[in-house]
Each structure stands twice: as C-alpha cells, then as structure tokens.
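> Submitted below is the structure of interest, expressed as structure tokens.
Just so it is clear, none of the values below were taken in a lab; they were calculated from the coordinates. Owing to the predicted nature of the structure, the values given are computational and were not obtained by experimental measurement. Note that each Cβ is placed from the backbone with ideal geometry, even for glycine, and that neighbours are counted across all protein chains shown.
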Amino acid sequence: MQAKVKAACTQCHNATRITEQHLTRQQWSDQLDKMEGLGAVIPESDRDAMLAYLTKNFGPGKGGGKTAVKKATSAAN
C-alpha cells in the first residue's frame with residue numbers, strides 16, 4: 001500500500017506532507033476526501049487499505065513512519 005499512497009499523494013506535494021501529520025483514521029479519511037476534491041485519484045477499492053496504512057504508520061503518536069516513506073522515495077529516484 002505504501003507505493004499506492006506515494007503515487008496518489010506525491011503527485012502534488014512531497015512525502016513530508018504525509019509524514020509530518022499524525023492523524024486519526026477519521027482525519028486521514030477527511031484528508032483523502034479533500035485531496036480527491038482537488039483532483040487526486042484514489043480508487044474506492046484501495047481506500048480502506050490506504051486509510052489503514054496511513055493510520056498505522058502516520059497515526060497519532062507515530063513518529064517513526066518518516067523513514068519508510070523516505071526509503072520509498074529514495075528507492076524510486
């Protein structure tokens with residue numbers, strides 16, 4: 001799911017926009033709604049898995065998730 005989140009989110013901004021936020025599942029859901037309204041493509045079939053990934057790795061109290069996204073970004077470059 002990391003690759004799908006990266007693909008959907010880093011079209012318009014860098015990964016730190018994700019890693020610096022530590023949101024609840026509902027807050028991440030609201031963010032996905034907002035981003036879809038701005039043109040992000042988030043397949044409905046991936047939405048629950050994306051929310052689970054974002055909440056697990058970048059939820060409240062999660063500070064170590066930065067490394068995973070940075071590694072994925074570095075590997076893609």
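> In nm, give the distance between the simple-model label positions of D48 and M1, each being 7 Å from the Cα along the Cα-to-Cβ direction.
Roughly 1.1 nm, to one decimal.
> Loop-only check: which GluC sites (Glu not before Pro) in the stretch 1-46 are DSSP coil with at most 16 other Cβ within 10 angstrom? Before the final figure, lay out the partial values.
Working: sites: E20, E36, E44; in loops: E20.
Filter output for the stretch 1-46: E20.
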